[in-house]
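The values are calculated or read from the model by the stated rules, or taken from the named source; none is laboratory data. What you are looking at is a predicted structure, and each value in this text was computed from that prediction instead of being measured. Here the Cβ is made from the backbone with ideal geometry for all residues, glycine too, and neighbour counts use every protein chain on show. Only protein heavy atoms, including side chains, enter the accessible area calculation; ligands, DNA and RNA are left aside. Shrake-Rupley method; radii C 1.70, N 1.55, O 1.52, S 1.80 Å.
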Amino acid sequence: MITVENLSKRYGSTAAVQDVSFTVEPGSITGFLGPNGAGKSTTLRMLTGLTPPSSGRATIAGKKYVELPNPGRVVGVMLDAAAQHPGRTGRETLLLNAGLLGVPNSRADEMLEAVGLTSAAKRRVGQYSLGMRQRLGIAGALLGDPAALILDEPANGMDPEGIRWMRGLLQDFASRGGTVILSSHLLGEVQATVDRLVVIGGGRIVADGSLEELLAGSGTLVRGLDPAGLNQALTAAGLNLEPLHDGALRVDATAEEVGRAAAAAGQILLELRESDGAGLEELFFQLTSPAAAAA
Ligand SMILES: Nc1ncnc2c1ncn2[C@@H]1O[C@H](COP(=O)(O)OP(=O)(O)OP(=O)(O)O)[C@@H](O)[C@H]1O
């Protein structure tokens, strides 16, 4: 289990992370989601002892990362796949880490196989694509057979096939009781992989829950020929609604209630369906919009 309690980090006048708390349970994959600069890497760096927090505490299996006697045997970490030594081969990279972790060299070859890099094992990392470096980074994180994984933007640079492969690997890891947190700045990239989401914006947690919770209960999405007229008609009918950035409305009511209210006011509908996480997409859009970035 990974526990983050009231974690904050200031860099001079910049509050990079503010009072962040969440837990990552065994047997689950948590997506740590937020736009660029939201505070994801800073949080993961604090979690792995690389950046001291200004306040708060983060633990893995009940201990701070720096207190773990052989951390790589407890938690596999990949923070920056691009930062691996370009002059070493993939195999040399893993053998070096195997030595540091005290695991047999055969484990390096097994992990190269597990991430599909056996045929590239003797090539220098400098010649690897970013997607291949991500695979190597994941192999490195798995080397010590840890119960938890912390991965910063692992899907970055991976093609759709690579993302699908990683999804299978992580879901298998979690199904065996593993604890996984992975960060991303793209909702669509991780939505099919994770079962929980922690969303961070401007250094603060803005949403936290199971994917089901965050996608469900978000009402009905409706789009009309005359968006302003439809908004007025539904509001006059006593329905709660939220205009979305693309002209649609998310309404806290069933499709039938929305359809009836629109029909009663003579509004022509172009689309009427369950909103399926439109609220989450909207939250993400607001976090990543230029206005939010400037705030
Ligand atoms: N070493 C540092 N010194 C000063 N400011 C920093 C430092 N590291 C991060 N920041 C600032 O803290 C904020 C959060 O950055 P962080 O890298 O954690 O975001 P992120 O969500 O990981 O974004 P990205 O996806 O771009 O990496 C940003 O405003 C960033 O400029």
Item to complete: Report, please, the projected area of the chain averaged over directions, based on the convex hull of its C-alpha atoms, in nm².
Response: 17.5
Worksheet item: Quick one: Debye curve from the C-alpha atoms of the range 219-275, no solvent, what's log10 I(q)/I(0) at q = 0.20 Å⁻¹?
Response: -0.55
Worksheet item: Which residue, ALA148, ALA15, ALA263, has the most motion in a Gaussian network model of the chain that connects Cα atoms within less than 10 Å?
Response: ALA263
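Ignoring ligands, DNA and RNA, what percent of the accessible area of the chain is carbon or sulfur (1.4 Å)? Walk me through the intermediate numbers first.
On the way: 7010 of 13700 Å².
C and S atoms contribute 51 percent here.
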Fill in: Extension gain, ARG88 back to GLU67 (0.36 nm per residue minus Cα-Cα distance, nm)
4.6 nm
Practice prompt. Show that you can apply the helix-only estimate: for the chain, add -39,500 (n - 2.57) for every DSSP H stretch of four or more residues, divide by all residues, and state [θ] at 222 nm to the nearest 500.
Written response: -10000 deg cm²/dmol
Discussion item. Under a Cβ-only charge scheme (Lys and Arg +1, Asp and Glu -1), can you give me the dipole magnitude of the range 128-230 about the Cα centre, in debye to the nearest 20?
Written reply: 120
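I need to check one value: relative contact order of the range 2-211, counting alpha carbon pairs closer than 8 Å and at least 6 residues apart, in percent. Present the calculation step by step, with values, prior to reporting the outcome.
On the way: 439 pairs, mean separation 66.2, N = 210.
Contact order relative to length: 32 percent.
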Item to complete: For the range 219-275, give the magnitude of the charge dipole about the Cα centre (Cβ charges: +1 Lys/Arg, -1 Asp/Glu; no others), in debye to the nearest 20.
Response: 80
Worksheet, complete the sentence: Here, the range 160-216 modelled as identical Cα point scatterers in vacuum has Debye log10 I(q)/I(0) at q = 0.16 Å⁻¹ of -0.54
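With +1 on each Lys and Arg Cβ and -1 on each Asp and Glu Cβ, and nothing else charged, work out how big the dipole of the chain is about its Cα centre, in Debye to the nearest 20. Let's see the in-between values first.
Details: 25 positive and 31 negative charges, 294 e Å.
The calculated dipole for the chain is roughly 1420 debye.
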Practice prompt. May I ask you to give the solvent-accessible area per residue for the chain, in square angstrom, as obtained with a 1.4 angstrom probe?
Written response: 46
Item to complete: State, to one decimal in nm², a quarter of the convex hull surface area for the C-alpha atoms of the range 188-290, i.e. the direction-averaged projected area.
Response: 7.2
